[in-house]
Every structure is written in structure tokens, then in C-alpha cells.
Amino acid sequence: MLAVLRQRNFSLLWSAGLISMIGDWMLFIALPIYVYKLTGSALATGTMFIAEMIPSLLLGSVAGVFVDRWDRKRTMVISNLLLALGLLPLLLVHSTAWLWVVYIVAFVESVLTQFFTPAESALLPLLVGEEHVGPANSLNSLNKNIARLIGPPLGGIVAGLSGLPAITLADAASFLIAGGMIALIAVQSRASEEESTGISTPANSLHPLVAVWREWLEGLGLVKRERVVSIMFVLFAVTSLGEGVFGILFVVFVYRILHGGALQLGELMGAQAVGGLIGSMLVGYVIKIITPSRLLGISGILFGLIDLVIFNYPAFFPGFTLAVILFVLVGVPGVGTLTSAYTLLQTAVTDEYRGRIFGALGTTGALFMLLGTVLAGFLGDHIGVVTVLNTQGAVYVLAGGFVLVTLFNFKISAKTEILGEQEQSQAAAMP
């Protein structure tokens, strides 16, 4: 993994991600608290999260079309600059009369993220090379968990000392720094590649709306046509549904079953982040020995089994210490699942389709997480919290087993195996 981190381009991308995510976690903690203190309303606070979720549901898949059209590095730099500017209206919020500004900012920031996230996932294989995609994804998981450990307490301290304006400026500065670092990455632009090959896209002669529609359908067609992509989308749907359920019932589980409170919630979230740090370092080496498809299946099974132990041990061994240990452990296969899934998609999909695939993946995840959130409250009240959580854990085990069975021998090169229809027609037309 250290060899990957020594690569200048990836090091810039990794450092930029760490800085911006620390800023994001600071605001993620401070802004809901500020809205609740300002209004005293859980509904007002929840509305902010809804405003953040809507763009990922409606725009994520379509944004991927433009990510595949545009230069990815430029898209990421401009997105960071706009994300920084988009936060500044929060400086105007001093009373409930200005609460609408919070909702607009949350919406706009989420819109911009729909372009940044798939661009980053699509750019990564070009920076490190296909053979290093797995360790690079593991390192990205590492900086996410570092940011998760640093950002919330730092955000709490800054918010307590200086309030929301200081948090806003800190997060805006993190985006500006990240954008500047990404601008230093040396990678050939997509426009330059088209000019050097002399290949033009047939869709360029169509009406813009028709071209976008056709390219969007081509991306969805790849999801349907290619087995590994279809399996990954099913897996993300299942896991996102489970995350939505867990996000709601986790709090109930801690209060009702573990007899804890806010402090214990924080300790368990921190424990899982520590497990994520350990997992990121471990998976970075393991993924070079085990194929991503096998690592994905094994990680899914382990994640589900540890979840089942977490949800059921209090009935036999009451106590909180074991929960902390188990949350550290579950963080390891959690990283293995996400890292191997992203690696599979990045190596199994050609560059011209990666933006659309990751954009559609974001929409799929958001849709099923919302569905899980809605189902959690109803099912938790009617069939019991532990029963629902046990079902979630069992589904993870089954999903991991399904991946092992269907993709056990999967090994593919995106450059030679999976070609889009457009790429095939271009190849056939060349002398």
C-alpha cells in the first residue's frame, strides 16, 4: 500500500479527500445540532436531511452521464470550488427566519456531490493503474475512517468555541485546499484523448437532450447486460437497505437492549471507525492475494455473522464491553466489502462508462437506504428490534454467499473483456 501512496497523483487525491472529509464531518455534526438548538424541532432537523437526500435520488444517475462526457479532474476541481462557495450563505443564518437558507445549502451541496463522487471513482483507476486499484480503494477507506475519528470531535470543539460561522468557513477552506491539490494532479484529459485518437462520439450529432437520454440508457443497459455489474447493483441495493434499517434501529438497540445512552452511541461509532482503520490497512494487503470477488463474499459473510453476534449476545452475556470489541471487529469486513465492491466495478467497467455506473450506483444506494429507513420504524414496532436486526444480519450472510457462488472464479480486465456497444461499433469501423 505504501507504494501506491508514494505515487504523486494518488497521494494528492488521497490527501485532498482526507482534508475535505474532515471538514465535512465537522459540519455534519455541527449543523444538525445548530438547527435543532435554533428551532427545537426534530421535524426541522429532519427536513435538512431530506433536502440532502433528494438530489442523490433524482440526479445521481443522470449526473454520471456528464461525468463520462467531461474531464474528470476538471469536474472535481470545479465541484470543490462550488462546494466551498455554496456553504457561504450559512453565514447569514442567525434566526429561524433564515432557516430556509440551510435547506437550500443542503440541497445545493448534495447536487454538487452527485458530480464529484462518480468522477472520483472513475478517475482512480487512471491514476494508479488497474493492478493497484484494490490497495488504492483500501487507502481511501483509511482516510474516510481517519476523517470520521478527527472531524466530529473537532467540529464539536470549534462549534462550542466559535459557533456555526467558524465551522462553515473551516469546511469551505477544506474544499478550496482539496480543489487546489486535485488541480495539481497530472493526468491526460478526456478531450485530449479523443483528439489524439481521432474518435468522435456519434451522439455528438444528436440533439443534446436526445444524446443525454441515449447515453443514460446505454449506462443502464450495461448494468442489465453485464453479470458482474448486475450482481454488484443487487448487492448495493441489499446492503443499502440494511444500512437504512440499521441507521434507525441502532439507536433503539443501544437504548433498549444495551441500556446505554448518547455516550455509548458515540463509543460504538468510534469503535467501528477504529475497526475501519485496522481493516483498511489489512485489506490493502489481502486484496493483492485474494481476488476482489472472493474477498467481497468472505467479507459479506463475516460482516453478517458478527452482526448476528452483536444483536444476540446481550440475551446471554449482558454488558457493554463486548459490544465495543465486536464493533471494532465488524469494522474490518465492512472495509473489505466496500473496497472489493468498488474495485470490482472499477476494473470490470471500461473508462467511458464508469461515471454512469457509479452515478447510478449512488442513486440505487440512496433509494434503498431511504426504503430501509421507512421500513425500520414500522417493522421495529411490529415484529421487534432484535428480530429485524437479525434479519438484516442473515441477509448479509446470504448476500456474501451469493457473491462467492456466482463470482468465485471471476477475474477480468476491463480493457479486453467488457466493451460497451458504442466501443464495439467504433472498433468495427476502424480499418
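The values are calculated or read from the model by the stated rules, or taken from the named source; none is laboratory data. Everything numeric in this text was worked out from a predicted model, so none of it was measured. Counting neighbours? That spans all protein chains shown, and the Cβs are built from the backbone with ideal geometry, glycine included.
Listing for the model above:
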item: In the stretch 403-431, residue farthest from Leu249 (Cα to Cα) [restricted to those that are at pLDDT 70 or above and buried (at least 18 other Cβ atoms within 10 Å of the Cβ)]; result: Leu407
item: Some residue of the stretch 259-275 being under 30 Å from Phe408 (Cβ atoms), in contact with a helix residue (DSSP H, G or I) (Cβ under 7 Å, 6 or more places away or on another chain) and among the β-branched types (Val, Ile, Thr); result: no
item: Given (1) of a type outside the set (Gly, Ala, Ser); (2) modelled with pLDDT under 90; (3) assigned by TED's automatic domain parsing to the domain that holds Thr291, index of the condition Phe233 fails; result: (2)
item: Members of the stretch 152-191 found to be of a type in the set (Val, Ile, Thr) and touching a residue at least 40 places away in the same chain (Cβ under 8 Å), listed by number; result: Val158, Ile167, Thr168, Ile177, Ile182, Ile185, Val187
item: Of residues in the stretch 246-295 being of a type outside the set (Lys, Arg) and part of a loop (DSSP other than H, G, I, E, B), the one modelled with the lowest pLDDT; result: Gly261
item: Answer from Thr364, Thr343 - the residue that is touching a Gly at 6+ places or on another chain (Cβ under 8 Å), part of a helix (DSSP H, G or I) and of a type in the set (Val, Ile, Thr); result: Thr343
item: Among (1) more than 18 Å from the chain's Cα centre (by Cα); (2) buried (at least 23 other Cβ atoms within 10 Å of the Cβ) - the single one Tyr342 does not satisfy; result: (1)
item: Matching residues, the stretch 222-235, being assigned to a helix (DSSP H, G or I), farther than 16 Å from Arg294 by Cα and not basic (Lys, Arg); result: Leu222, Val223, Ser230, Phe233, Val234
item: From the options Thr364, Thr391, residue that is of a type in the set (Ser, Thr, Tyr) and under 15 Å from Val229 (Cα atoms); result: Thr364
item: Some residue of the stretch 32-44 being closer than 29 Å to Phe368 by Cα, under 20 Å from the mean Cα position of the chain (by Cα), buried (at least 16 other Cβ atoms within 10 Å of the Cβ) and of a type in the set (Ser, Thr, Tyr); result: no
item: Unmet criterion (only one of (1) in contact with a Leu (Cβ under 9 Å, 6 or more places away or on another chain); (2) over 22 Å from Val349 (Cβ atoms); (3) crowded, with 21+ Cβ neighbours inside 10 Å) for Leu81; result: (3)
item: Residues located in the stretch 369-387, provided they are closer than 30 Å to Arg69 by Cα and either surrounded by 21 or more Cβ atoms within 10 Å (Cβ to Cβ) or not assigned by TED's automatic domain parsing to the domain that holds Val251 (or both); result: Met369
